[in-house]
Amino acid sequence: MFRKNEDACGEWSPANVKLCAARQDEILDCAAAMLAPGGDLLLSGFLDRDEQTVREAAEAAGVRPVRAARREGWTVLHCRRGA
């Protein structure tokens, strides 16, 4: 992001990182709540090294990770809402 938008460097701060993380948690909570029991949710666009954090966030939102696919350093996590 910083390479594409030099102004982004000036906007970075620990407070903005926390704000973005909270926003992502809220989006995940809303998406999980919209799933029917047994419904599937794909979480993608994150690096392999962040998989455990995303798994924990998914579980906190009420969906269970059932499978992960990895390619070239990126991960897609297939999650399912309980019945």
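At a glance:
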quantity	calculated
Backbone HN-Hα couplings from phi across the stretch 10-25 [Karplus 6.51/-1.76/1.60, Hz, Gly and Pro as x]	x, 8, 6, 6, x, 5, 5, 4, 4, 4, 5, 5, 5, 5, 5, 4
The chain: calculated mean residue ellipticity at 222 nm from DSSP helix runs of at least 4, using -39500 (n - 2.57)	-13500 deg cm²/dmol
Simple spin-label estimate for LEU19 and HIS78 in nanometres, 7 Å along Cα-Cβ	3.8
Relative contact order for the chain, counting Cα pairs under 8 Å that sit 6 or more residues apart, in percent	31
Cα-centre dipole for the chain with unit charges at Cβ (Lys and Arg positive, Asp and Glu negative), debye to 20	320
Ratio Rg/Rh, restricted to the chain and using Cα atoms, in which Rh is the Kirkwood radius	1.04
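Laboratory data are not the source of any read-out in this text; all were calculated from the coordinates shown. Small disclaimer: the values here were computed from a predicted structure and weren't measured. All Cβ positions, glycine included, derive from the backbone under ideal geometry; neighbour counts span all protein chains shown.
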